[in-house]
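Engineer: I am attaching a structure below and will ask some questions about it afterwards.
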Amino acid sequence: MHIEALRIRNFRRLKNARIDFEKDISIFVGANNSGKTSAAHAIGLFLGDENEGLTVHDFSIDTWDAMNAFGNEEPDAELPTISIDLWLSVGESDLYRVLELLPSVNWQGTVVGVRVEFAANDPAGLLARYKERRAAALAAVAPSDEGAGPAFDPSPKNMREFLATNIKREFGLRYFVLDRSKFDPDFQPVGEDTPQPFDRERGKQGKDVLASLIKVDMLYAQRHLSDTAGGARAEDLTKRIGRIYARGANERGNHPEALRALMDAEQLFNKHLKEIFEPFLAQVGQMGYPGVANPRLLIKSTLNPMVVLTAADGAQVHYALTEVGGDGGLTLPDRYNGLGYKNLIYMVIELFDLHSRWIGIEDNRPLLHLIFIEEPEAHLHMQLQQVFIRKVLDIVRVEGEAAEYAKSQVVVTTHSSHILYERGFVPVRYFRRSGNGVAQQSEVLNLSRYYQQLGPPTSEFLVRYMKLTHCDLFFADAAVLVEGNVERLLLPEMIAIAAPGLQLTYLSVLEVGGAYAHVFRSLIEFIGITTLVLTDIDSVRGPNEDAAAETAAEAIVAADPDAAAAATAVDPALAAEDDYDEDAATACVVATPGAVTSNRTLIEWLPAKTKIADLLAVTPEQRTQNGTSVRIEYQSAIELTWKGETKAVVGRTLEEAFALENFDWCQSVERKPLGLRFRGAANLTIDEVVEKVHKRVTSSNFKKTNFALGLLEQDPKSWKVPRYIREGLQWLEATAAPPPPQAGASIEIDLVADGEGVVVEPPTGPPEEAGV
């Protein structure tokens, strides 16, 4: 048996999210506050043993209006609920354990479902109690005849405020049996959603049935490890080892030889204690104690193995520095090891302990052990991250006869690209954020389905490329696709100049080139990440304007045969004909009549045009993809003023665009390392400037990396970011960057009486932790 899928409704930002599970390991990824932790908490609260309970802040914020509408007795208003639909795939050997979940005696199939719902126990009674509390609060602050101050609206002002302190008494969990035949392939109900209430007459409560099927354990990121010797948050490995010893001793019984050794040691130690404390006890006797009728003091030791192991210094985990021989070798206590190895060992110990406790259940052991591991990469360098994720399934593998009746599933939430590198795309579940403000929610995307839809060879190319370079795309707030190494090197400086707000945003920069960017189109659209594509217009000569589109493939080969060969491996359709004419299409200045682009991104993605004249005429809206936040920017016309003459010019590449927009600045002697200084520049016309810049940049002597490094040595305030990059970054800043903090902004808190004092609760809290 294993979990096939979950659907979570109205829990924080998971408004209506389906989450597919792999049979062995699933990896939850996504940007911060995308719902990964919320999904883990929902499963722990509804299916596990977490007893912290649900609060009103766990409801999606857009349901709060419905709560208040119910409290105001508006027509057709209903109280919202939080629910989780659990779909289990069961085999023939497991059927006898899931009989209570079968929707009918005629059930056929391999998938059973159960819904756990957090709902009002008695909606009518809840409404009456709220109205009574509201009336009493208003009566307590009734204005006096002489009162002339502002009206005071006491709490609870609405149903949400009432539930903030009463939800544990008013709401509870309900269980329903689901019929797979009444749900579509996406696990959405077909027609009216009327699940079958759990039949209590069968002898078991819904909670008991789930507990007999699934054991949920959580290994949270806050593992309280420390390099220090003590402290309130420090926890050494010895305490965790103690639990394993206690369980092992109970299972195997006391070893007689170990007990005999402890008894001998106890006698010797008591003799030592007598010698130490005898003078002290004699002094106490002179004070009249113990006296005639009182028992005398005696200090003895009791060497209990468990007490010895768990005492602060009774027994410790040590790291052996040399071979342990008769003298014990050279060792160090656990606190002298680094946090990385300590965290790795801690997680292995904890997983082993959780797994052993589950396997050790003798009567009615749950069929499935679901383990959540939150951010295992904490304190681990990349090699240790890969080792852990590679071996984690070995730790929880069920072997022997129990393997047929017991199954472990692991869920890892992570921000580590190295973990994704090790496991690949198939287990990845991407949490995609959407909406703003109250409408924020998350959708969970199954990358294994996307991978299957792509098909070879594109799927293999994307997987290899992402594994080698940019798995961090799945954790970013936005992405920037750039042409090459120069753009990647200069982008941080350009962001600081043109769009500093992006420095507060987690950007993933992918170096893909114009021949590859369109290959990433399906992935960008699938995960829905805000993306800026910075590419080159790549003008080339065409035989004539009418045949421009047909010669685009030949243009790629003539302009850059190596790039064309690589692109052909991704998409055979990009291959040129065998009899292409290398002279038919060559790189040229943008202003060349009849010029076309050799850039596949501009031809096949946005703005889906081939002629240079058409590309220069498109609007920003035509470079922005409808339905997704994708913008493509390439070189556009700028005004170049030289020797008193002004003319609109366009660069073919980043280097040309930079040289034309900063031409006067580049002619200084201090800028010689850039390679864009020309002798006799004062005698050149604007057209000659454009031609010379083009020849310089396209020559074999021009080193693009040297240009980028030389530019980084210059004062960033002295040069201009090329227009197309500046406008693209400013669009991305307006689209993806967080708004700047407002002056005088403050955090509002509510003081809520909980019956035992006063606690502070945020009214909404962080997006992932409180209803968003």
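The values are calculated or read from the model by the stated rules, or taken from the named source; none is laboratory data. Quick caveat: nothing in here was measured; it's all calculated off a predicted structure. Glycine gets a Cβ as well: all are built from the backbone with ideal geometry, and neighbour counts include every protein chain shown.
Engineer: May I ask you to verify whether GLU78 is buried (at least 20 other Cβ atoms within 10 Å of the Cβ) and in a loop (DSSP other than H, G, I, E, B)?
Structural biologist: Criteria not met by GLU78.
Engineer: Let me ask something else. With respect to SER508, determine if the residue is over 21 Å from VAL721 (Cβ atoms), surrounded by 19 or more Cβ atoms within 10 Å (Cβ to Cβ) and in contact with a helix residue (DSSP H, G or I) (Cβ under 6 Å, 6 or more places away or on another chain).
Structural biologist: no
Engineer: Another one. With the condition kept exactly as written, say whether any residue in segment 662-672 is touching a residue at least 60 places away in the same chain (Cβ under 8 Å), closer than 30 Å to THR735 by Cβ and either in the same structural domain as LYS611 (by TED's automatic domain parsing) or not aliphatic (A, V, I, L, M) (or both).
Structural biologist: no
Engineer: With the structure loaded, tell me whether GLU73 is of a type in the set (Asp, Glu), over 22 Å from ALA439 (Cα atoms) and assigned to a loop (DSSP other than H, G, I, E, B) or whether it fails that test.
Structural biologist: yes
Engineer: Do we have any residue at all in segment 512-534 that's among the acidic types (Asp, Glu) and either more than 17 Å from PRO607 (Cβ to Cβ) or surrounded by 19 or more Cβ atoms within 10 Å (Cβ to Cβ) (or both)?
Structural biologist: no
Engineer: Let me ask something else. Quick test for you: out of GLU100, GLU22, GLU4, pick the one residue that is surrounded by 17 or more Cβ atoms within 10 Å (Cβ to Cβ), touching a Phe, Trp or Tyr at 6+ places or on another chain (Cβ under 9 Å) and over 20 Å from PRO189 (Cβ atoms).
Structural biologist: Selected residue: GLU100, the only one of GLU100, GLU22, GLU4 that is surrounded by 17 or more Cβ atoms within 10 Å (Cβ to Cβ), touching a Phe, Trp or Tyr at 6+ places or on another chain (Cβ under 9 Å) and over 20 Å from PRO189 (Cβ atoms).
Engineer: Could you list, ordered by first residue, the pairs with Cβ atoms under 8 Å in which the first is in segment 526-544 and in the same structural domain as THR698 (by TED's automatic domain parsing) and the second is modelled with pLDDT under 90 and in a strand (DSSP E or B), at least 6 apart or interchain?
Structural biologist: GLY528/SER434
Engineer: To continue, here is another question. Name the pairs whose Cβ atoms lie under 7 Å apart, with the first residue in segment 14-42 and within 21 Å of LEU473 (Cβ to Cβ), the second of a type in the set (Asp, Glu) and not in a strand (DSSP E or B), and 6 or more positions between them or separate chains?
Structural biologist: That search, which allows pairs on different chains as well, returns ALA31/ASP477; ASN33/GLU768; GLY35/GLU768; THR37/GLU768.
Engineer: Report the residue count in segment 387-439 for those that are among the charged types (D, E, K, R) and part of a loop (DSSP other than H, G, I, E, B).
Structural biologist: So the count comes out to 2.
Engineer: Same structure, new question: Filter segment 614-669 down to residues that are charged (D, E, K, R), part of a strand (DSSP E or B) and under 40 Å from the mean Cα position of the chain (by Cα), then give me how many there are.
Structural biologist: The qualifying residues number 2.
Engineer: Further question on the same structure: I'd like the full set of residues that are farther than 18 Å from LEU489 by Cβ, surrounded by 17 or more Cβ atoms within 10 Å (Cβ to Cβ) and in contact with a Ser or Thr (Cβ under 9 Å, 6 or more places away or on another chain), limited to segment 637-662.
Structural biologist: LEU640, TRP642, VAL650, ARG652
Residue by residue, here is whether (1) crowded, with 18+ Cβ neighbours inside 10 Å; (2) within 19 Å of MET1 (Cα to Cα) holds:
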{"residue": "MET347", "(1), (2)": "yes, no"}
{"residue": "LEU351", "(1), (2)": "yes, no"}
{"residue": "HIS355", "(1), (2)": "yes, yes"}
{"residue": "ILE361", "(1), (2)": "no, yes"}
{"residue": "ASN364", "(1), (2)": "no, yes"}
{"residue": "LEU370", "(1), (2)": "yes, yes"}
{"residue": "LYS391", "(1), (2)": "no, no"}
{"residue": "ASP394", "(1), (2)": "no, yes"}
{"residue": "VAL398", "(1), (2)": "no, yes"}
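Engineer: Taking segment 535-544 as the region of interest, how many residues are in a loop (DSSP other than H, G, I, E, B) and buried (at least 24 other Cβ atoms within 10 Å of the Cβ)?
Structural biologist: Residues that pass the stated criteria total 5.
Engineer: In addition: Taking into account only those residues within segment 81-103 that are part of a strand (DSSP E or B) and among the small types (Gly, Ala, Ser), which is farthest from ALA128 (Cα to Cα)?
Structural biologist: SER89
Engineer: With the structure loaded, tell me whether GLU422 is outside the structural domain of ILE632 (by TED's automatic domain parsing) and either charged (D, E, K, R) or at pLDDT 95 or above (or both) or whether it fails that test.
Structural biologist: It is true that GLU422 is outside the structural domain of ILE632 (by TED's automatic domain parsing) and either charged (D, E, K, R) or at pLDDT 95 or above (or both).
Engineer: Name the residue that is surrounded by the fewest Cβ atoms within 10 Å (Cβ to Cβ), counting only residues in segment 174-188 that are within 19 Å of LEU99 (Cα to Cα) and among the hydrophobic types (A, V, I, L, M, F, W, C).
Structural biologist: Per the stated criteria, the residue is PHE176.
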